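What follows is calculated from the coordinates using simple rules that are stated; it is not laboratory data. In this text, all values refer to a predicted model and were calculated from it rather than measured experimentally. All Cβ positions, glycine included, derive from the backbone under ideal geometry; neighbour counts span all protein chains shown.
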Amino acid sequence: MKQALSPEAAGFKDGTVLEQAVLRFAHEQPQLGQASVARQLQQSGLQISASGVRYIWKKHNLETIAKRLQALTAGDTGVALSKNQQDLLDRSQLTRGLQQEGMAAGEAENGRRSILLNTAAELFAEKGFDRTSMRDIASHAGLLPGSVYHHFSSKTALFLTIHQEGFNTIMARVKAAADEGTDPWDSLVQALSVHIDGMVGDSPPVQRLTGHSLAMTDHPELRDQIQPYREAYENIIRRLIDDLPLRQDSDRTLLRLTLLGASNWVFVWYREGGKTTQEIAQGMVNMVRVGVD
């Protein structure tokens, strides 16, 4: 039987301070994965690895999103889950066979498929495509490995499905937001706000992975296969920029790439409690529209 890592082997010291910090994330942001938590703690000056975070979570029976969400709703804590958190928890309960009496088999199947997609998306974002195995995905989803292959023929098929469904969802949200704009500039702000929120907001992992498309550099064949979805998505932003009343000599392609690049980078530096995604999008557009002097 595989033994749990010691705290030192897991990559952290001064367990009391770190343990409290890691458990605070489990309580305040249960949807974040171990790599995201480790990265944020490192940026705040606490040195811990992703495996160190998982060691602490496992010690407290919190190593999966479902367990962290269930812990929030246990007892008399009075914590109310967001809609996305409740959806994730409901799907996880389906996966573990906690089905409501009379639930249709097809609904349970859809629930298992959905939580597999979100679990895989979280692991791909944390560990990368190569370092994530189908066994890892099954374990985190609370399923046997064979159950994963029942829904997806391969890891590649699972990865591509995440991007297809993620891009379709985010495209619909961006289009709807842009349609609410009061003018071309405001439509662009609304679209970028949704784009940023899809990466740093309370979105399912499928949408977050789609937003920043991690783990693709070393896999040109995968990049080529998701490229049509990326192009369809970028065409929405391209049309919004084409509608802007710019000077005739303005480089609209460069403007699009600049705004998308800046929006994608928000994932790296964003912190809860700072500017809202709407304020970030508005600020970015204002800087290219009116300057900063």
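When you check T276 against the structure, is it under 13 Å from M199 (Cα atoms) and surrounded by 12 or more Cβ atoms within 10 Å (Cβ to Cβ), yes or no? Break it down stepwise before answering.
Working: under 13 Å from M199 (Cα atoms): yes; surrounded by 12 or more Cβ atoms within 10 Å (Cβ to Cβ): yes.
It is true that T276 is under 13 Å from M199 (Cα atoms) and surrounded by 12 or more Cβ atoms within 10 Å (Cβ to Cβ).
Checking each residue in the stretch 246-293 for being among the acidic types (D, E) and over 22 Å from S203 (Cα atoms) picks out D249, D251, D293.
Can you tell me how many residues within the stretch 216-258 are out of contact with any Ser or Thr (no Cβ under 8 Å at 6 or more places or on another chain), acidic (D, E) and either outside any loop (DSSP other than H, G, I, E, B) or within 20 Å of D183 (Cα to Cα) (or both)? Total meeting the criteria: 5.
Only one of G146, G166, G142, G128 is farther than 17 Å from V206 by Cβ, crowded, with 16+ Cβ neighbours inside 10 Å and not hydrophobic (A, V, I, L, M, F, W, C); which?
Values: G146 fails: crowded, with 16+ Cβ neighbours inside 10 Å; G166 fails: farther than 17 Å from V206 by Cβ; G128 fails: farther than 17 Å from V206 by Cβ.
Result: G142 is the single residue among G146, G166, G142, G128 that is farther than 17 Å from V206 by Cβ, crowded, with 16+ Cβ neighbours inside 10 Å and not hydrophobic (A, V, I, L, M, F, W, C).
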